[in-house]
1. Check which residues have an amide H placed less than 5 Å from Tyr37's amide H, if you skip close sequence neighbours.
2. Starting from the Cα of Lys295, draw a straight line to each of the aspartates and glutamates and keep only those under 19 Å, dropping any in the same chain fewer than 8 residues away.
3. Under a point spin-label approximation (7 Å from Cα along Cα-to-Cβ), what is the Arg194-Asp45 distance to one decimal in nm?
4. Pop out the carbon and sulfur fraction of the accessible area of the chain as a percent, whole number, probe 1.4 Å.
5. With springs connecting C-alpha atoms under 10 Å apart, model the chain as a Gaussian network and identify which of Gln235, Gln317, Gln148 has the largest mean-square fluctuation.
6. For segment 185-340, what does the accessible surface come to per residue with a 1.4 Å probe? Please give it in Å².
7. Once you have the Cα-Cα distance between Asp93 and Met258, take 0.36 nm times their residue separation minus that, and quote the gain in nm to one decimal.
8. How much accessible area per residue does segment 34-94 have, in Å², with a 1.4 Å probe?
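The values are calculated or read from the model by the stated rules, or taken from the named source; none is laboratory data. All values reported here derive from a predicted model rather than from experimental measurement. For neighbour counting, all protein chains shown are included, and Cβ atoms are generated from backbone atoms with ideal geometry for every residue, glycine included. With ligands, DNA and RNA removed, areas are computed over all heavy atoms of the protein, side chains included. Shrake-Rupley method; radii C 1.70, N 1.55, O 1.52, S 1.80 Å.
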Amino acid sequence: MTRHDSLQSGRLPLVSVLATGGTIAGRSTRQGSSANYRSGVVSGDDLLAAVPGLSAAARLRSHQVANIGSEDMTSDVWLDVVRAAGRELDDPDVAGVVVLHGTDTMEETAVFLDCLLHHRKPLVMTGAMRPADAVSPDGPANILAAVQTAVCPAASDRGVLVVFNADIHAARRVRKTDSMAVNAFSSWGGPEGRVVDGEPVFFRPASSREGLPIFSMAGLDVLPRVDIIYGHAGQERGLVDAAVAAGAWGLVHAGVGMGNIHSAVRPALAEAVAGGVAVVCATRVVDGPVPLTEKIRRDGFIAAGFMNPAKARVLLQLALTRGDWTRGGIQALFDRYSLA
């Protein structure tokens, strides 16, 4: 049932809210501070009850999936969230789903959900940069904007969205770019839209999701280990060797510039590839892609495109769950997903 159909029948659409904790559910440990707080204290029900005007936007039901700071996010919680979201999206009475989440790893969870859930209905993530008891918390406004987006017909067929500070971002483009400001998220290429006076306005039509990576939840109980190696001046190969020895199935190298790799480290990564470890070249630079250069191709590496290191790690983890993965196949996944 669409929001239009619901309003025609005199009944507000139903939105399912999945709470996982984060700053939005936090309480300050020092009065007046937005930096000193404990995450994951307030329940999802209490967060919803504190939002003025929310009951006029939709009918709500909430589920507490977890209550942690997102710096403590695990693959087990990811799987719990994706299963819960899938059940809610499958419910014909549900118009859309909102996931309340900490901001630190929100972009990673967004990509994970985006690759595993293939519903037309909106799934919207949001959170906050200030705890619930801050002098001026941003959580209530973000929740209201997320719910308004979740019941908007134009939000359908866009994959997972992140709504923050009234901006609407696509999961595959969004990244956290500020550690404290309430406008903490941006997107390469710009946001998908903005919530204006309670109405989501989209700046571009929904892009086709045809050909995007599709992964199955069937049998997906454990994600393979993928480690991120951070490039820097004076870098040595020791961390690469340690990650391989620890059992990494894949590595993401957050290189300098256009994904460049220190000459002392490149042989270690090439040896890892020869040993069956998938290696993705990303960049620690905030903006810009890592294209598939001749040097990357020659060493058997994968170019991350516009995927930052954290999101590249998630996509590589999912790619490696396919038993028949090849370098070319994973490269095709990155090309399609990062440029869609």
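1. It is Thr29, by chain and number.
2. Filter leaves Glu271, Asp335.
3. In this crude label model, Arg194 to Asp45 measures out at 3.8 nm.
4. 52 percent
5. Largest GNM mean-square fluctuation: Gln235.
6. 47 Å²
7. Contour length minus the Cα-Cα distance gives 54.7 nm.
8. Details: 3060 Å² over 61 residues.
Heavy-atom SASA per residue in segment 34-94 reads 50 Å².
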